[in-house]
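Heads up: the structure comes next, in structure tokens.
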Amino acid sequence: MEEQHPTMLELLLEAHIGLERQGPGSPETVRKALSFLDAPERFGRIADLGCGTGGQTLLLAEDLPGSIVGLDLFPVMAEKLNQRAQSRGLGDRVRGIAGDMADLPFERQSFDLIWSEGAIDNIGFETGLRHWRDFLRPGGYVAVSCPCWLSAEQPAAAARFWAEAGSPLDTVETNLGLLRTCGYQFVAAFALPEECWTEHYFAPRERAIQAMLEKYPHSEEMRAYAAMNRDEVALYRQYGRYYGYVFFIGRAI
Ligand SMILES: C[S@@+](CC[C@H](N)C(=O)[O-])C[C@H]1O[C@@H](n2cnc3c(N)ncnc32)[C@H](O)[C@@H]1O
């Protein structure tokens, strides 16, 4: 059979589509973020923006009784969430749709909770928070994780990596200020622990990439994609104490 030569985007999607998560996080940190919300058992409608294949969406659906819509830019991700929800018997309360989190296709003031893990930096923390605010009911919550500087020291190699990825890092203090100016009352913020990166994201992604290297043995793109991922892991090993994902929880004023 003729070997395929997938593009970088196709490789990125193939590496991630079978993973539980597409970025750092864990069931423990989902539950920790949930623990800061008042009366979540009364939430009727929840959105999970940039849901990927919905690892966290399904956890939310298991812990909360409301209905959840997961939205992702890539239709294959939303479709995967729908399949996973069906197979867990959650299809009546969980729906994945394709869409842009910078232009939400929902009714204003219709959500009790807007959740988003590892995705808001694609459109910018401030842009996302400002846009999403209109879709929350008064008193509704936003719970969002975003990569940030964790220290005053900001190594140039890490700054360059994140800037080139299109997500230049801000400090936690800057983002807390933005949370307030975008119309939210501060509820809580905490940094994701190391295993959210290593055990829950890098390790399964590395296994997927190894299998793809065997599947596409002659693909230059595949080799370049694997090298990029290795560089990202090496950067985290060297500089992970200076940057990380921080979960921010706020309440619409
Ligand atoms: C790092 S992944 C995180 C996925 C998932 N929330 C998790 O934590 O496992 C970021 C996700 O955001 C999605 N995304 C990026 N830009 C987006 C946009 N403008 N609108 C909707 N989804 C977007 C990507 O397709 C990807 O699935």
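The values are calculated or read from the model by the stated rules, or taken from the named source; none is laboratory data. Keep in mind that this is a model prediction, so the values were computed, not measured. We place every Cβ from the backbone using ideal geometry, glycine too, and count neighbours over all the protein chains shown. Quick note on the areas: whole protein, heavy atoms, side chains included, nothing else; ligands and nucleic acids left out. Shrake-Rupley method; radii C 1.70, N 1.55, O 1.52, S 1.80 Å.
Look at the stretch 68-86: where a residue is within 14 Å of His16 (Cβ to Cβ) and at pLDDT 95 or above and a partner is among the charged types (D, E, K, R) and assigned to a strand (DSSP E or B), sitting 6+ places away or on another chain with Cβ atoms under 7 Å, you get Ala78/Asp72. Among residues of the stretch 16-31 that are in contact (Cβ under 8 Å) with a residue 12 or more places away in the chain, those with a Cβ under 7 angstrom from a residue that is part of a loop (DSSP other than H, G, I, E, B) and more than 9 Å from the ligand (Cβ to nearest atom), sequence gap 6+ or separate chain, pair up as Pro24/Leu192; Gly25/Leu192; Thr29/Leu192.
Find the helices (runs of 4 or more DSSP H) located wholly in the stretch 166-247 whose residues include 1 or more that are within 16 Å of the ligand (Cβ to nearest atom), and list them. Show your work before the answer.
Details: elements: 172-181, 194-197, 203-215, 220-239.
Correct list: 194-197, 203-215, 220-239.
For the stretch 21-45, a residue qualifies if it is more than 12 Å from the ligand (Cβ to nearest atom) and more than 19 Å from Phe111 (Cβ to Cβ), and the qualifying residues are Glu28, Arg31, Lys32, Ser35. Restricting the stretch 46-93 to residues that are surrounded by fewer than 24 Cβ atoms within 10 Å (Cβ to Cβ) and among the acidic types (Asp, Glu), the residue that is farthest from the ligand (Cβ to nearest atom) is Asp92. For the stretch 1-29, filtering for residues that are of a type in the set (A, V, I, L, M), open to solvent by less than 30 Å² (accessible area, probe 1.4 Å) and more than 21 Å from Ile97 (Cβ to Cβ) leaves 2.
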